[in-house]
Amino acid sequence: MSNDLRLIFLGPPGAGKGTQALLLAEQLEIPHISTGEILRSAIADDTPLGQQAQSYVDKGELVPDKLLASLIRQRLSLPDAQKGWVLDGFPRTVNQATFLDELLGELHQTYDYVVNFEVQDEVLIERLLTRGRRDDTEETIRRRIEVYRQETAPLLDFYRERDSFCSVDGNRKPEEVTESLKQVVRA
Ligand code: AMP
């Protein structure tokens, strides 16, 4: 299977981005870059980044763009990111998307597809409640969905006009979603 693909996965929390990103990245042999996972492991390791991010993550709020900018700059500069990646959870604000365009220009990288995962709120809440992560309490879930609508959904307009933009119906069995994704990336 060909690698050298750069994919941006967008969608609300619980849409299945992480699951699909992991699967596809494995098959394409490219890194799965989840900013949420990087932050969670920084919190677990009690690093300076983790200490700065913890209260935001625990409340379901967005970690400030400045922290994410340096995190993603470092991650995309690593050797393994030179042959492709699946970005999961970044960008999450229009500001982050603008930053990403600039950063990719600097790094001489371009992304191939922006994939938007579509799933209705009721399904999201149900899925997240059964996932059991420490930020998966009902209150935090509702807040994360609200934050998604306010801050992240406007990104769809940012990317929609670009040829690389596409949507997949995320309200299906994981294998069916994977099939659609493979068709998108012709993998
Ligand atoms: P996720 O694993 O993508 O659901 O992210 C978990 C949490 O990490 C989010 O609720 C935010 O607090 C934080 N986070 C992850 N990615 C970002 C981002 N791109 N910008 C701001 N905060 C983020």
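Per residue, the range 6-184 exposes an accessible area of 49 Å² to a 1.4 Å probe, with every protein chain left in place. Projecting the Cα positions of I125, L181, I43 onto the charge dipole of the chain (unit charges on Cβ atoms of Lys, Arg, Asp and Glu, taken about the Cα centre) puts I43 furthest along the positive direction. A simple count of charges around D135, restricted to other residues whose Cβ falls under 11 Å of its Cβ and scoring Lys, Arg +1 and Asp, Glu -1, yields +3. Using C-alpha pairs under 8 Å with a sequence gap of at least 6, the mean separation divided by the residue count of the range 6-184 gives a relative contact order of 35 percent.
Each stretch of four or more DSSP H residues adds -39500 (n - 2.57); spread over every residue of the chain, this sum gives -16000 deg cm²/dmol at 222 nm. Residue separation of D45 and Q27 scaled by 0.36 nm, minus their Cα-Cα distance, works out to 3.6 nm of gained length. Give me the distance between the Cα centres of the range 29-50 and the range 98-153, rounded to whole Å. Going from one Cα centre to the other spans 16 Å. Computed with every protein chain present, the accessible area of R40 is close to 70 Å² [probe 1.4 Å]. Between L107 and T130, the contour length at 0.36 nm per residue exceeds the Cα-Cα span by 4.4 nm. Carbon and sulfur: what percent of the range 6-184's accessible surface (1.4 Å probe)? C and S atoms contribute 49 percent here.
The values are calculated or read from the model by the stated rules, or taken from the named source; none is laboratory data. The model shown is predicted, which means the values in this text are computed figures rather than measured ones. Because the Cβ atoms are built from the backbone with ideal geometry, glycine has one as well, and the counts that use them run over all protein chains shown. The accessibility values were calculated without ligands, DNA or RNA, using every heavy atom of the protein model including side chains. Shrake-Rupley method; radii C 1.70, N 1.55, O 1.52, S 1.80 Å.
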